[in-house]
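Peer 1: After the structure tokens below, expect a handful of questions from me.
Nothing in this text is a laboratory measurement; each read-out follows from the coordinates by a stated rule. As the structure is a computational prediction, the values presented were derived from the model and not from experiment. With ideal geometry, Cβ positions are generated from the backbone for all residues, glycine too; neighbour counts draw on all protein chains shown.
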Amino acid sequence: MKKVAVLNLKGGIGKTTTAVSLAHIITQQFGKNVLLIDCDMQGNASKVLNQYDPDSPGTHNVMNGSRTLDNCIFSTGYDLLDIVPANMYLMQANVDVMRDTEREQLHRISSALDDLQATGRFDYDVVIMDCALGLDMTVLNAVIAADLIIAPVPFGGYEIDGLQQLGEQLEDLKAIKPDIRLKVLFTMKQGNKANREFEDYLKNYSGFDVYETAIRRSITAQKATLSKMPLPAFSKNGAATKDYTEVARELLHDLEEREV
Ligand SMILES: Nc1ncnc2c1ncn2[C@@H]1O[C@H](COP(=O)(O)OP(=O)(O)OP(=O)(O)O)[C@@H](O)[C@H]1O
Ligand SMILES: [Mg+2]
């Protein structure tokens, strides 16, 4: 079971689109079992995967310890793809975990995943965690649980600042988890010179590991979000779906090859 967290400090940069698209492609095209854990109280991934309910069990129960993870898993209606949904209860759970200094605070998701595996009832190849922007308690738990962090980054100056800040924060977290790995995904790429230069900078000068394939900006991605559908289900052959398929291939290769 390999674990991947999709996160960055910024909002609206394609984190959820990336998490859901990769989950959909890895299950539907590559035939692997995936569990998506929604780590964002907005519940956007839960909405896209048909499992948003303001009162449902979900990630908040895993964080505050009121349920085991296996009791928070729901089917999405897509073969091989399950979800632990999120809703606004996650906000309170973040506060509760912060106050609960009696129990350890940062290994709750990773311990819950270990316990899930120990039940022998679930056989997920990949766990994908869709994170909120910033580094709240749930996101920190996702970072600690993850073998690999995917950081979506669109074109822009502030976006690079955000990426560098994330890199610094992760350096600090290496005291707790020395083997943190981060790989940058250029999202919403446009076909002009400035975007090509930005991609060149990311790949060759930023010092970050970067996915070979960038995700092209596409109105179809926005339409899929409006329709609350995974992008690859909404547009099987669209440009952004093709890009995500290549990224999924690269991700699976990384997870297998590097034994991260
Ligand atoms: N490749 C793309 N081309 C054009 N629009 C995109 C693309 N990817 C995502 N979007 C759009 O950008 C908006 C934000 O995307 P998304 O919800 O995935 O970002 P996010 O980082 O998860 O946001 P938040 O921080 O609110 O969770 C959505 O309307 C989505 O449809
Ligand atoms: Mg999101």
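Peer 1: Averaged over every viewing direction, what's the projected area of the C-alpha convex hull for the range 214-260? Give it in nm², one decimal, please.
Peer 2: Working: hull surface 14.4 nm².
Projected over every direction and averaged, the Cα hull of the range 214-260 covers 3.6 nm².
Peer 1: Along each of the three principal axes of the Cα atoms of the chain, give the extent in whole Å, ordering the values from largest to smallest.
Peer 2: Principal extents (largest minus smallest coordinate, Cα): 53, 39, 34 Å.
Peer 1: Would you kindly state how much longer the chain becomes between Gln165 and Asp53 on full extension, computed as 0.36 nm times their sequence separation minus their alpha carbon distance, in nm to one decimal? Before the final figure, lay out each step's value.
Peer 2: Details: separation 112, 0.36 × 112 = 40.32 nm, distance 3.35 nm.
Length gained between Gln165 and Asp53: 37.0 nm.
Peer 1: Relative contact order (percent) for the chain, with alpha-carbon contacts under 8 angstrom and 6 or more residues of separation? Intermediate values should be presented prior to the final figure.
Peer 2: Numbers: 488 pairs, mean separation 67.5, N = 260.
The normalised contact order for the chain reaches 26 percent.
Peer 1: Be a star and scan the range 27-55 for residues whose amide nitrogen sits under 18 Å from the point 7 Å along the Cα-to-Cβ vector of Leu226.
Peer 2: From the range 27-55, the list is 48.
Peer 1: Nearest 500 deg cm²/dmol is fine: what mean residue ellipticity at 222 nm does the chain get from its DSSP H runs of n ≥ 4 alone, each adding -39,500 (n - 2.57), divided by its residue count? Before the final figure, lay out the partial values.
Peer 2: Details: 11 runs with 117 residues, N = 260.
Result for the chain, helices only: -13500 deg cm²/dmol.
Peer 1: Working out 0.36 nm times the residue gap between Gln29 and Ala175, then minus their Cα-Cα distance, what length gain in nm do you get to one decimal?
Peer 2: On the way: separation 146, 0.36 × 146 = 52.56 nm, distance 3.76 nm.
Gain on stretching Gln29 to Ala175: 48.8 nm.
Peer 1: Taking the Cβ of Ala86 as the centre, find all other residues whose Cβ is under 9 Å away and add up their charges (Lys, Arg: +1; Asp, Glu: -1). Spell out each step's value before the answer.
Peer 2: On the way: positive: none; negative: Asp38, Asp40, Asp130.
Charge balance near Ala86 sits at -3.
Peer 1: Take the cross-link list Lys32/Lys174; Lys15/Lys177; Lys189/Lys236; Lys2/Lys193; Lys32/Lys242; Lys32/Lys236 and give me the ones stretching past 27 Å between alpha-carbons.
Peer 2: On the way: Lys32/Lys174 30 Å; Lys15/Lys177 23 Å; Lys189/Lys236 19 Å; Lys2/Lys193 37 Å; Lys32/Lys242 18 Å; Lys32/Lys236 18 Å.
Over 27 Å Cα-Cα: Lys32/Lys174; Lys2/Lys193.
Peer 1: While we're on this one: Starting from the Cα of Met1, step 7 Å along the direction of its Cβ; do the same at Glu102; then give the gap between the two resulting points in nm.
Peer 2: 2.7
Peer 1: Roughly speaking, what is the stretch gain from Arg67 to Lys236, that is 0.36 nm per residue apart minus the C-alpha to C-alpha distance, in nm to one decimal? Show your work: numbers first, answer last.
Peer 2: Values: separation 169, 0.36 × 169 = 60.84 nm, distance 3.66 nm.
Result for the pair: 57.2 nm of gain on full extension.
Peer 1: Something else: Describe numerically, in nm with one decimal, the distance between label points set 7 Å from Cα along Cα→Cβ at Glu246 and at Lys203.
Peer 2: 0.9
Peer 1: Answer rounded, prolate or oblate for the range 174-246, using the Cα gyration tensor with square roots of eigenvalues a ≥ b ≥ c: rounded when a/c is under 1.5, else prolate when a/b is larger than b/c, else oblate. Can you show the working numbers first?
Peer 2: On the way: a/c = 2.77, a/b = 1.45, b/c = 1.91.
Judged from the Cα gyration tensor, the range 174-246 comes out oblate (a/c at least 1.5, b/c at or above a/b).
Peer 1: Any idea what the relative contact order of the range 151-236 is, in percent, if you count C-alpha pairs under 8 Å spaced at least 6 apart? Please list the in-between numbers first.
Peer 2: Details: 77 pairs, mean separation 24.1, N = 86.
Over the range 151-236, the number comes to 28 percent.
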